[in-house]
Amino acid sequence: MTIIDTALIAAHNDKQLRALQSDYAHLGEQLDRRGIAIDALRAQVASFGVAIPSWGVGTGGTRFARFPGPGEPRHVFDKLQDCGVIQQLARATPTVSLHIPWDKCSDWHELRETAAFNGLGFDAINSNTFSDQPGQAQSYKFGSLSHTDAATRAQAVAHNLECIAIGQQLGSKALTVWVGDGSNFPGQQHFRRAFDRYLDSARQIYAGLPEDWRMMLEHKICEPAFYSTVIQDWGSSLLAAQTLGPKAQCLVDLGHHAPNVNIELIVARLMAAGKLAGFHFNDSKYGDDDLDAGSVSPYRLFLVFNELVAAAHEGLAFDPAYMLDQSHNVTDPIESLMTSAIQVQRSYAQALLVDRAALDAAQEANDAMTATHLLKAAFQTDVTPLLQQVRLDAGGAIDPVGTYRASAYRQRMGIARPAAQGGGGGIV
């Protein structure tokens, strides 16, 4: 995988190597005083990875407009190339999550080989029954898996089963199901019947899962329906997952909750129930803005990982999937995805620094001040040299964004790929 010239990466790394060595040694001394071996921590962090959404490498948009950037991917093969650049430089994004039918192609074997050439594998397959496609027999305007019309529900089920078949060819092990089904007016929809129809459709999809697959149910408080949503919150998602069976679990998107909801508490509850599927990482300020992960609330992201690390420390059996899910409206998507992946990796590293024995003791003693200070001490530790060293060890860039800009990759793609048209809202 040499999309970005390795000599360029090495040259940029050489300029920063002495500073990194000094900073890494200093961090090691700090951690040693806290009884933490930095090299052991480095090995743990190096094993962490977060998936890239194929749609994330294109410029996003709002309900009002989309402003394309230069060199946008034209098809799924271009998307994999851009994802390969992210992995080559940041070394924290080894897999890609596809969205069907946006990422359909004529040769899935060729796509799998292209991914491998770019140093990538495939994460969960995402179905799409929230928008209509050209030539589609039934419309999803009034719902899909929960639609009142049986033919529309059958079409939505068939699409999800097709996604499973595609995923099997690519080596995926999970299907993510999110529906925009809901209502915009009081009285428009019978809440219980709509949920029952969703469950009936979901059972048919569940029956088509291979034995080693998971079905990840994603909830969202609103949008595109603004009065009610069929799978509106983690409670609805949990009810559905428990009804369907052990292979059905709940996916947590950090932007899909009501304001001020305690997301880390939801994570803890789902883990306790054995129903945590994984995460879509992003950030938000006013709604489901899909801002870069950690750009607004990095402490909340850390607190989520604190729950995950605590569960692993206590021997709880769980295997969460991690993916970024963002809309990049004013930044270069590659830069945002690299930065977000590093931020997620940073939160994991910081959570590993929490003194679990001391925290347990403080909690048992109801010592609130000591407990919160233990978390803050981990969060406020600058683990930048550790993350830089992990990237360097793996052949990545000490400074991914700086190296990326120096490579002129975006400018080269702007010449090689025709300019995309702007206009209405939506994402690539």
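What is the chain by shape, rounded, prolate or oblate, if you read a ≥ b ≥ c off the alpha carbon gyration tensor as root eigenvalues and call it rounded for a/c under 1.5, prolate for a/b larger than b/c, and oblate otherwise?
Taking the square roots of the gyration eigenvalues as a ≥ b ≥ c, the chain is oblate.
For the chain, calculate the relative contact order in percent as a whole number, restricting contacts to Cα pairs under 8 Å that are 6 or more residues apart.
23
Let's test the formula: R0 of 60 Å, r as the Cβ-Cβ distance of GLN411 and ASN366. What FRET efficiency results, to the nearest 0.05?
So, using R0 = 60 Å, E works out to roughly 0.55.
In percent, how large is the relative contact order of segment 283-372, given Cα pairs closer than 8 Å and 6 or more residues apart?
33
Sort the following peptides by mean Cβ neighbour count (other Cβ atoms within 10 Å, averaged over residues), highest first: 86-94, 311-319, 285-293.
86-94, 285-293, 311-319
Please calculate the 1.4 Å probe accessible area of ILE231, with all protein chains present, and give it to the nearest 10 Å².
Rounded to the nearest 10, the figure is 10 Å².
Length gain on complete extension for the stretch LYS173 to GLN136, per 0.36 nm per residue less the alpha carbon to alpha carbon distance?
Once the chain is fully extended between LYS173 and GLN136, it gains 10.6 nm.
Ordering SER236, SER127 by accessible area with a probe of 1.4 Å, largest first, what comes out?
Order by accessible area, largest first: SER236, SER127.
Describe numerically, in nm with one decimal, the distance between label points set 7 Å from Cα along Cα→Cβ at ASN260 and at ARG356.
3.4
Restricting to bridges with both residues inside the chain, how much of the DSSP beta-bridge set is antiparallel, in percent to the nearest 5?
15
Could you give the length gained by full extension between PHE64 and THR243, i.e. 0.36 nm per residue of separation minus their alpha carbon distance, to one decimal place?
Computed gain between PHE64 and THR243 is 60.6 nm.
Let me know the shape class of segment 154-296, please: from the alpha-carbon gyration tensor, a ≥ b ≥ c as square roots of the eigenvalues, rounded when a/c is under 1.5, otherwise prolate if a/b is greater than b/c, or oblate.
In terms of gyration-tensor shape, oblate.
For TRP108, TRP213, give the ranking by accessible area with the largest first, probe 1.4 Å.
Listed by decreasing accessible area, they come as TRP108, TRP213.
Please count, across the chain, the pairs of lysine residues with Cα atoms under 27 Å apart that sit 8 or more places apart or on different chains.
16
Could you state how much accessible area CYS83 has, in square angstrom rounded to the nearest 10, with a 1.4 Å probe and all protein chains kept in place?
We get 0 Å² for CYS83.
The values are calculated or read from the model by the stated rules, or taken from the named source; none is laboratory data. This is a predicted model, so every value here is computed, not measured. We place every Cβ from the backbone using ideal geometry, glycine too, and count neighbours over all the protein chains shown. Heavy atoms of the whole protein, side chains included, go into the accessibility calculation; ligands, DNA and RNA do not. Shrake-Rupley method; radii C 1.70, N 1.55, O 1.52, S 1.80 Å.
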